[in-house]
1. Please go through region 1-40 and pick out each residue that is outside any strand (DSSP E or B) and touching a strand residue (DSSP E or B) at 6+ places or on another chain (Cβ under 9 Å).
2. Under 29 Å from Glu20 (Cα atoms), surrounded by 13 or more Cβ atoms within 10 Å (Cβ to Cβ) and among the charged types (D, E, K, R) - does that describe any residue in region 79-87?
3. Quick check on my filter: what residues within region 61-78 are assigned to a loop (DSSP other than H, G, I, E, B) and surrounded by 15 or more Cβ atoms within 10 Å (Cβ to Cβ)?
4. Within region 32-49, is even one residue under 20 Å from Thr97 (Cα atoms) and over 16 Å from the mean Cα position of the chain (by Cα)?
5. Please enumerate the residues belonging to region 47-78 that are closer than 20 Å to Asp134 by Cα and of a type in the set (Asp, Glu).
6. Just name the residue that is modelled with the lowest pLDDT out of those in region 103-156 that are more than 15 Å from the chain's Cα centre (by Cα) and acidic (Asp, Glu).
7. Give me a count of the residues in region 114-134 that are crowded, with 16+ Cβ neighbours inside 10 Å and either under 13 Å from Leu24 (Cα atoms) or of a type in the set (Ser, Thr, Tyr) (or both).
8. From the list Ala139, Ala117, Ala124, Ala88, exactly one residue is over 17 Å from Trp14 (Cα atoms), part of a helix (DSSP H, G or I) and not polar (S, T, N, Q). Which is it?
Amino acid sequence: MRILAIDPGTKTGWAFSDGETSLLESGTNVLKLRAGEAKTMRYIRFSKWLDDMFLLMNPDLVIFEKTHMRGYEATKFMMNLIGRIETACNERSIPYTDVHTGTLKKFATGHGKGSKAEMMRLVAEKHNFIVDSDDEADAIHMLDYARENYEPAQTE
């Protein structure tokens, strides 16, 4: 199963597994505004990036993080990104699910209060490489979570 994991935000983390070779690709997509740009440009760039990811990765499942949101603007921004993920999946008939931040931290650390540094360290230990950000680390943990909870059982 090809899985695309997305940690949406101003610095969107992502991770992908092709399901056959256990290939793991990951990175970040930064949605900062440039001088003089309207706020909506972040959404336009995110939608274009998402279209490109779907075309390149052709996922069978998309999982994204359901985060705690603070304040009106942050909530509006996150809900807009999540809505774009859900819309893109629905348009392509790709199943999707979300995972709550606390659930993800408990899965990765054994408790629901893992720090950003701990989440990054655990990726390094499990996958033997260093990530550039906690957003990328969260996406990799979501990928691991989806592999464990949503992939069909292997038969021998």
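1. If we filter region 1-40 for residues that are outside any strand (DSSP E or B), which is where we start, we get 1-2, 8-10, 18-23, 31-40.
Within region 1-40, Met1, Arg2, Pro8, Gly9, Thr10, Asp18, Gly19, Leu23, Leu31, Lys32 meet the criteria.
2. Checking region 79-87: at least one residue is under 29 Å from Glu20 (Cα atoms), surrounded by 13 or more Cβ atoms within 10 Å (Cβ to Cβ) and among the charged types (D, E, K, R).
3. Restricting attention to region 61-78, the residues satisfying the condition of being assigned to a loop (DSSP other than H, G, I, E, B) are 67-71.
Thr67 - this is the single residue of region 61-78 that is assigned to a loop (DSSP other than H, G, I, E, B) and surrounded by 15 or more Cβ atoms within 10 Å (Cβ to Cβ).
4. So the first thing to find is which residues in region 32-49 are under 20 Å from Thr97 (Cα atoms), and the list is 46-47, 49.
If we keep only those that are over 16 Å from the mean Cα position of the chain (by Cα) too, we end up with none.
No, region 32-49 contains no residue that is under 20 Å from Thr97 (Cα atoms) and over 16 Å from the mean Cα position of the chain (by Cα).
5. Across region 47-78, the qualifying residue is only Glu65.
6. Glu156
7. 4
8. Details: Ala139 fails: over 17 Å from Trp14 (Cα atoms); Ala124 fails: over 17 Å from Trp14 (Cα atoms); Ala88 fails: over 17 Å from Trp14 (Cα atoms).
Criteria check complete, one pass: Ala117.
The values are calculated or read from the model by the stated rules, or taken from the named source; none is laboratory data. These figures come from a predicted structure and were not determined experimentally. Glycine gets a Cβ as well: all are built from the backbone with ideal geometry, and neighbour counts include every protein chain shown.
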